Each structure stands twice: as C-alpha cells, then as structure tokens.
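See below for the structure under consideration.
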Amino acid sequence: MRTHALRYPALILATAIFSLPTFWVLVTSMKKQSEFAGLRLFPEVPQWVNYQLAVTLADFGRFATNSLLLATSYTVIVVVTSALVGYGFARHRGPLRDQLFIVVLAMMMVPNVVLFVPQFVVFAKLELTNTYWPWILWALGASPLLVFLFRQFFASFPRELGDAAEVDGAGPLRVFLQVFVPNAWPAFAAALIFAYTWVWGDYLYPILLLNDANTTLAVKLSTAYADPHGNPLQTVTMAGVVLYVLPLVIIFFLAQRFIIKGVVTTGLRG
Amino acid sequence: MVGTAHALERTAARPRSTWWRRRGTRRALTFYAFISPWLIGFVALGAIPLLLALLMSFTNYDGLNLDYVRFVGADNYARAVNDPDTLHSMQRTLVFVGSTVTLGLVVQLGAALLLDAPVPGRGLFRTLFYLPYVVPVVAGAWIWKIFTDPNGGLLNALIGLVKPEFAMNWIVEQPTTVLVLFTVWALTGGGMVVFLAGLQGIPAELKEAAQIDGAGPVSVLRFITLPLLAPVILFQLVVSLIGAMQIIQQPLLLAPGLLGPGTLPPRDNYLYVVHAYHEIFVNQRFGYGAALLWILFLITLGLTLALVRSSRRWVHYEEAQ
C-alpha cells in the first residue's frame, strides 16, 4: 500500500507531462488564428470552423482517398504474402530453412535508405514513379517484420494442429486456410494495423515517389495550410492534424490488445 | 501416431517413385512455395538493390549518366572522409543518438516500472503513454512545432510562469533538444510495452523473498528487477540505436517554415542520413550518397557489436535448463 501511495502521484504527473503536447494540439485547433499568438491560453469561443477549413483548404477528401487507396492495397497484399511466408517458415521444412530465416532477420537490420536508392533508380527506369506500383511490389515481396510476427505466432500453435487435416487428405494450402488462418486472427489484426499505420503515416516515400496530384495526406499536411501571403495557419493546421490522426486513434482504441500482443510476440516495434 | 504410420506405409509401398513424387522433395517444394513471395521479393528488392548500391558507391553515377557511368574506385569513400559536412553530420548524429537512446531508455523503463502494478486506471495510463506511438511523424512534428512555438506554444507559456518574459524560438535555437524530446515522446509506447512484457516474466516470488529479507524498493529494483531485465534492456538498446542512426523524417519535418522537397533542417539537426538524402536527391550525387550510406551501415554495425560486447559485463543470461 505504501508503494501505491507514491506510485499514483508519480504516474499522474508523468502522464500529464507526457500528454501536454497532444492536449495543446486540441486546444490550438479550436482557436481563432488571431488568438494563436495571444496571451490567452484558451480560445474564447471554440472555433469548430477550423475543422471545416482544414477539409476544404487542403482538398482533404481527395488526398485522404489517395492515402486510403494506397494504404489499403499495400496492407491487404502484404498481410497475405507475409502470412503465407511466416506460415511456411513456422510449419514447413525445406533445405536451408534456418539460414533463409536468418536472412529475413538480417533484412530487418539493413537501413531502408540503402535499399531505397537503387530501388528508386530502377523504379524510375521502369517509369513506376508517380504510380502506386512500388508499394504493390514491396507488398508482394512480403515484409520481414510481418513475416517474423506471423512466424512466431504460427510456431506457437500445438504440433497436432493441422496433422489431422493433413491425414484427411487436405492439401497444404487448405490446411493453412481452414485450420491455421481462422485461429490466427490476433496476428492478422496486429499485422493489418502495423502495415496500415506505416503507409498512412509515411512521409518520405510519397514525397520521393509521387507527385502533387497523387500524393498522400501525410505529404499534403506538411504544406497545405497557409494564407495567401504564405504565412502558416497554425490553428487550421492543427485541425487538419487531428483529422489526419483520428482514424489511427480510433483503430488503435478498437484494436489495442492486438497491437500490444503483436509487439510482444515479435519483441519488436512496428 | 496412426496417421504417421499410415503415411510411412504409403511411401514404403512405392519405393521407386520418381524424384518429384518423393516425400522429401514434395515437402521441400511446399516449403519453397509458401516462402516464394519473400524469396522472389528478397532477390528482386533486397539482394539485387544491395549489390547495385555497392557497385554504385564505386561510380560517379548521378541518376542520369547511366550510359557513360564509370568506376572511380574508392574516390567516393575518400571524399566522404574529407567532407566537412559528413563529419559534422556524423558528429550531430552521435549527439542525437546518445541522448535519444539513453533518455528513451530511462523514460520507457520508468513508465513500465510505474505501470507494472495493479494500480487503478492502469489501462488508461498505458493508453496515454502508448498513444504518441501511433501518431504518424508528420503529425508528431506538427504537434511539437506548435507546442514549442515562440508565440503560441504551451512550453514557453509554462516556463513563463516561473521565468517571466521567457522567449525562445526552440526549433531555431535549440533544434536538437526538440528533436530528442519529440523522438523520445514518440517511441515511449513501443519500448514501454516491451519492458512491461519483460517485467511480467520476472517471478513475483523473487521480489517477495527479497522484501521479506528486508530489501527496500530501491534494492529490489537494483538487485532483482534490473539484472533480470538486462537481456530485454540490451535488446531495446540495440533496436533504438539502429533506428536512431537512420533517422531522417523527423529532422526534415521539424525544419522551421513551410516545407518543400529541398528544405534543410537547421545546422544542428543536419544529421547523417539527412546529409546522404540531400546529396542523392537534391545534388544528384547517387554514387557519393551510396558510399555515405555504406559507411553509416558499417558504423552502425560497429556500434551495435561494441554494445553487445560490452553487455557481457552487465547482461547475464539464465542457465538453460
């Protein structure tokens, strides 16, 4: 009980400090632009109109659709391919299996930029820049992190699972689809969220590979909100930031358990 | 067991089957069929690009001169060692990595220790610590820009309560401080979850036994919890180190003013990968940039190995039974 009494104020203080920046975004998003630099900490009247402006000024719908399209196509494909590969490593045997798995792990360590530079040159040669094809190709090649996640998950299933179905004459793919996939939905949920969050939040690849018209919300948000003189509109920007983050926060609340389980399963951060 | 015997019998009944019908071969084919997406992807998007990046680093490739590109030997590497921008950016990167990794470890471990008890509202606290981890970098950078804004920022307002008339344009005058705080804030959730998992693996009896022997909370932490958590701490340090060495989006996005493809962060936040990015995509020095990135890879590898080696003195794995 004594430790409790100390722990609680410490927790509240730490959480409060930690949440200050987030809290400030919400406050700023409801100020008038003229109140931004003022002495008052809080807006006199909450300016919900900022949210409306954030949508119209940035052509929010269009770039949100781009983000949605890109993130959804990448996620669906990468989760399927990574699950197949992770399952293969966990439940099937073949020559060089362990060595190949070490290569999967090693690929997680290679700096992404090192791979990206030559990839970029090839994508440009094949005229795949300004399209979503690079993401589709990355997804088809599976993600080492997600392969690792699925492998750990499928390896934790009891040995007998699948044996019975195999004896009944089901092929390997049917065993995977009918026995393993229905039992693996926490891994699928975690993988979906990791992949989706990565594309939705990524700034670097869209700015290097896409153009002003088909780029994502992440890129648009970094430049969209300025008055005609080029001065930044901080209050409207904050409303845009809130709208941009909101889908992820909602997904996070719905699927918290899976994210945390996924992180613990791989021992890695998404 | 019945199934296995049955299967063996079937194989035995056809000893002269052709090679592709043999059980081992079919098993191997099934395995390779399952992993084929990754295997093909690894060759096309991993191995070949790595080889190209290595070749590129020995050429004068600029993104356009593919037809008359030539090998320049180790010139790019020699140039990197003598480039003041490279040395400056590496120095700033080491400052950033050192502060982020150590402060990050303290905050992540602290949050996990505070939450490793049945306190009321534990789920809510955990969520609040985890939340920044799901906030994308673009949004996170905006959040910190506004939080530290000289005019409308909360940070200066709070400091102003203690020190009236306090004015500091943080992202211009103290860009690395903001970058470190932003990064630590954003990554706390991920590390905290890893440490919480590690803490749950420590048997409660050990702590109870120590408490019965009269150990206070500090002694329990120092002599029981931290030593048993050491493998997890090492893992987290390695992952943070590798991630921090490669950081690029955060310094670019924290740059003052409106951003464009050629925007550079303030000199203090001109980190190594920012430098490589600038050389490649703005100055079109692909060969030189590739060399810079290989040097980074080697330095990161060296630091990681040094960390792992030093850990022999402070990480003791439990004997495998």
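Laboratory data are not the source of any read-out in this text; all were calculated from the coordinates shown. Keep in mind that this is a model prediction, so the values were computed, not measured. Please note: Cβ atoms are built from the backbone with ideal geometry, for glycine as well, and neighbour counts cover all protein chains shown.
A compact table of results
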{"item": "Order of B:ILE35, A:ILE12 - criterion: other Cβ atoms within 10 Å of each residue's Cβ, fewest first", "result": "A:ILE12, B:ILE35"}
{"item": "For B:ARG285, distant residues with modelled amide H under 5 Å away", "result": "B:ILE280"}
{"item": "Phi to ³J(HN,Hα) by Karplus 6.51 cos²θ - 1.76 cosθ + 1.60 over the range B:123-135, Hz, x for Gly, Pro", "result": "x, 5, 4, 4, 4, 5, 6, 7, 3, x, 5, 8, 7"}
{"item": "For A:22-28, mean number of other protein chain Cβ atoms within 10 Å", "result": "6"}
{"item": "³J(HN,Hα) computed for each position of the range B:155-164 - Karplus, 6.51 cos²θ - 1.76 cosθ + 1.60, integer Hz, glycine/proline x", "result": "4, 5, 4, 5, 5, x, 5, 8, 10, x"}
{"item": "Chain A, relative contact order [Cα under 8 Å, separation at least 6], %", "result": "31"}
{"item": "Chain A: most fluctuating residue of A:LYS125, A:LYS220, A:LYS32 per GNM, C-alpha cutoff 10 Å", "result": "A:LYS125"}
{"item": "Cα gyration tensor shape of chain A, rounded if a/c is under 1.5, else prolate or oblate by comparing a/b with b/c", "result": "oblate"}
{"item": "Cα convex hull volume per residue for the range B:228-321 (Å³)", "result": "124"}
{"item": "Highest-MSF residue in chain B out of B:PHE195, B:PHE71, B:PHE223 [GNM, Cα springs under 10 Å]", "result": "B:PHE223"}
{"item": "Whole-number percent relative contact order across the range B:76-313, with pairs defined as alpha carbons under 8 Å at least 6 apart", "result": "28"}
{"item": "Helical mean residue ellipticity (222 nm; -39500 (n - 2.57) per DSSP H run of 4+; nearest 500) of the protein assembly as shown", "result": "-22000 deg cm²/dmol"}
{"item": "C-alpha long axis of helix A:234-266 to longest principal axis of chain A, angle in °", "result": "30"}
{"item": "For the range A:196-208, Karplus couplings with θ = phi - 60° (6.51, -1.76, 1.60), whole Hz, Gly/Pro x", "result": "5, 4, 4, 6, 4, x, 6, 10, 5, 5, x, 5, 8"}
{"item": "Footprinting exposure proxy for B:TYR61, B:TYR77 (fewest neighbouring C-beta atoms within 10 Å first)", "result": "B:TYR77, B:TYR61"}
{"item": "Sequence-distant residues sharing a close amide H with A:ALA226 (under 5 Å, placed H)", "result": "A:LEU233"}
{"item": "Built amide H within the under 5 Å cut-off of B:THR59, gap 5+", "result": "B:VAL72"}
{"item": "The range B:238-321: chymotrypsin sites (Phe, Trp or Tyr not before Pro) in DSSP coil with no more than 13 other Cβ atoms inside 10 Å", "result": "B:TRP314, B:TYR317"}
{"item": "Pairs of alpha carbons in the range B:76-313 whose separation is greater than 27 Å (percent)", "result": "46"}
{"item": "Packing rank of A:242-255, B:161-174, where each peptide gets the mean count of other beta carbons within 10 Å, highest leading", "result": "A:242-255, B:161-174"}
{"item": "Inter-part distance where the range A:193-263 and the range A:63-117 are each reduced to a Cα centre, Å", "result": "23"}
